[in-house]
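**Q** If you scroll down you'll find the structure; I have some questions about it.
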Amino acid sequence: MVTAFAPGKCILFGEHAVVYGEPAVAVSIDAGVEVTITESNKWILEGMPFEPSRHPHISHIINDIFQYRGNPLKIDIRSSLFSAAGLGSSAALSNSMGAALHQFTKPNEPLDLISLAKIGHSAEANAQQGRASPTDTATSALGGCIVVSGQKVRGTRHVFDATLETPEGSRSWSVCEATLPEIEDTWIVLGFTGIGSPTGKMVEGVSELIGKEPKKMDEIRAIGNITSSGLDSLSAGDMEGVGSAMNSCHERLRNLRVSCPELENLISAVESHSLGAKLTGAGGGGCMVSLTRHPKRVAECIEIAGGMPLVSKLGSGGARIL
Ligand code: PMV
């Protein structure tokens, strides 16, 4: 029996602008997905017969990547992430499955996290008709703080380049790591609105808005600048600076019309106890994130306002065998 874990992620800065080549900064979170694999006499997933067509991420990893031809497997999944909430739950599932199958088939070979990030990205792309940025899978595999951009970003270490043939043509990204200082007294608290985040629709909405109002490209460029200064503050351990960059980023995202009343409600509920707060991920539902020194109070405020809270340190470890 083998069990692996891969964390979810939270985008601190740069969502939507990353689609236009600006950098995005994401941190891994404490919650994630655990996959347990046991040899069995039948293929079983979550106690039911395994139907590959219903689980494209898992079947792509088993059949196309590992080309596994061994005995049937019983696969069990435990997730502590909200799903369809912009926390990278499908990337965490792919990475956790990839890590578990690696350990199962090659127990003497150490797990290479960069290869795992590429496996996860391939599974995501395969399941999403060729459209997937490497942000979620890289952050989940490597852990810590990941910066994804059209080019290498100042003050970061280049880890690998990802390319993908999408229906809109070839896309490529530089995946870099930023060093996080010791952050003892500050947490992030995610607040799920309970509404699934429709990433594709939101990305399309921004593209249509820019088509109609080209001036909105200023918002994209402004998010790029805010992301760079937020990253500088984060690397220097200046949490007040990170919080104010988060607030500015949210204003720009609002101008791109990707916020919604439910996100605004949770953000205003936590404002007085937060260093900064913004939507995280695609918007239109999904989650907001607060940066705070009072995580319990913020979690309570989110619950009272009708949301579901999740408290995490910033940038815990990446994928691992348990
Ligand atoms: O829904 P999420 O958390 O995966 O965020 C999507 C981030 C976007 O910038 C909106 C889209 C993208 O592909 O980067």
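**Q** Find which of I302, I11, V159 sits farthest along the positive direction of the dipole of the chain, computed with +1 on the beta-carbon of Lys and Arg, -1 on that of Asp and Glu, about the Cα centre.
**A** V159
**Q** Still on this structure, please answer the following. Just name one of F82, L101, A31: the one whose Cα is farthest towards the positive end of the charge dipole of region 1-139 (beta-carbon charges, Lys/Arg +1, Asp/Glu -1).
**A** L101
**Q** Expressed in nm to one decimal, what extension gain is obtained for the pair I210 and Q67 from 0.36 nm per residue of sequence separation less their Cα-Cα distance? Working shown, then result.
**A** On the way: separation 143, 0.36 × 143 = 51.48 nm, distance 4.34 nm.
Length gained between I210 and Q67: 47.1 nm.
**Q** In region 1-109, what GluC sites (Glu not before Pro) fall in a loop by DSSP, with at most 16 other Cβ atoms inside 10 Å?
**A** Values: sites: E15, E34, E39, E46; in loops: E15, E46.
Sparse-neighbourhood loop GluC sites (Glu not before Pro): E46.
**Q** A further question follows. What is the calculated FRET efficiency for E165 to E51, with r their C-beta to C-beta distance and R₀ = 30 Å, to the nearest 0.05? Walk me through the numbers on the way to the answer.
**A** Numbers: r = 28 Å, r/R0 = 0.92.
Efficiency computed from Cβ-Cβ geometry: 0.65.
**Q** Taking R0 as 56 Å, what FRET efficiency do you get between Q151 and E303 from their Cβ-Cβ distance, rounded to the nearest 0.05?
**A** Details: r = 41 Å, r/R0 = 0.74.
Efficiency at R0 = 56 Å is approximately 0.85.
**Q** Stretched out fully, how many nm does the piece from N225 to N255 gain, at 0.36 nm a residue minus the Cα gap? Don't skip to the answer; put the middle values down first.
**A** Values: separation 30, 0.36 × 30 = 10.80 nm, distance 1.57 nm.
Going from the current span to full extension adds 9.2 nm.
**Q** I'd like the distance between the alpha-carbon centres of region 270-289 and region 183-230, rounded to an integer number of Å.
**A** 11
**Q** For region 134-225, which GluC sites (Glu not before Pro) are in a loop by DSSP, counting at most 15 other Cβ atoms within 10 Å? Show your work: numbers first, answer last.
**A** Values: sites: E165, E168, E177, E182, E184, E204, E208, E219; in loops: E168, E182, E184.
Sparse-neighbourhood loop GluC sites (Glu not before Pro): E168, E182, E184.
**Q** Given R₀ = 22 Å, what would the calculated FRET efficiency be for R78 paired with D112, taking r from the Cβ atoms and rounding to 0.05?
**A** Details: r = 24 Å, r/R0 = 1.10.
Rounded to the nearest 0.05, the efficiency is 0.35.
**Q** Nearest 20 debye, what's the magnitude of the dipole of region 2-180 about its Cα centre given +1 on Lys and Arg Cβ and -1 on Asp and Glu Cβ?
**A** Numbers: 13 positive and 17 negative charges, 25 e Å.
Dipole about the Cα centre, nearest 20: 120 debye.
**Q** Which trypsin sites (Lys or Arg not before Pro) in region 47-78 sit in a loop by DSSP (not H, G, I, E or B) and have at most 13 other Cβ atoms within 10 Å of their own Cβ?
**A** Numbers: sites: R54, R69, K74, R78; in loops: R69.
In loop regions of region 47-78 (DSSP not H, G, I, E or B), the sparsely surrounded trypsin sites (Lys or Arg not before Pro) are R69.
**Q** While we're here: Going through the cross-link list K42/K313; K118/K216; K42/K106, which pairs have a Cα-Cα distance over 29 Å in this structure? Mind showing how you got there, number by number?
**A** Values: K42/K313 40 Å; K118/K216 33 Å; K42/K106 21 Å.
Over 29 Å Cα-Cα: K42/K313; K118/K216.
**Q** Just from its helices, what would the mean residue ellipticity at 222 nm be for the chain, if runs of 4 or more DSSP H residues each count -39500 (n - 2.57) and the sum is divided by every residue, rounded to the nearest 500 deg cm²/dmol?
**A** On the way: 9 runs with 114 residues, N = 322.
Per the formula, -11000 deg cm²/dmol.
**Q** Further question on the same structure: What number, in percent, do you get for the relative contact order of region 124-194 if the mean sequence gap of Cα pairs under 8 Å and at least 6 apart is divided by its residue count? Spell out each step's value before the answer.
**A** Working: 96 pairs, mean separation 21.9, N = 71.
Reported relative contact order: 31 percent.
**Q** Separation between the K296 and S272 pseudo-spin-labels, each 7 Å from Cα along Cα→Cβ, expressed in nm?
**A** 1.9
**Q** On to the next question. Dipole size in debye (nearest 20) for the chain around its Cα centre, Lys and Arg Cβ +1, Asp and Glu Cβ -1?
**A** Its charge dipole is roughly 340 debye.
**Q** Mind putting a number on the dipole of region 187-312 about its Cα centre? Charges go on the C-beta only, +1 for Lys and Arg and -1 for Asp and Glu, and I need it in Debye to the nearest 20.
**A** Charge dipole, region 187-312, about its Cα centre: 120 debye, nearest 20.
**Q** Ranking request for peptides 114-124, 136-146: highest mean number of other beta-carbon atoms within 10 Å first, then the rest in descending order. Walk me through the numbers before you get to the answer.
**A** Numbers: 114-124: 23.6, 136-146: 28.5.
Order by mean packing, descending: 136-146, 114-124.
**Q** Between L180 and N265, what is the label-to-label distance in nm when each label sits 7 Å out along the Cα-to-Cβ direction?
**A** Placing both labels 7 Å beyond Cα along the Cβ direction yields 3.0 nm.
Rule-based calculations on the coordinates, nothing more; no lab input. Nothing here was measured: the structure is a model prediction, and the numbers come from that model. Don't worry about glycine lacking a Cβ; one is built from the backbone with ideal geometry, like all the others, and counts go over all protein chains shown.
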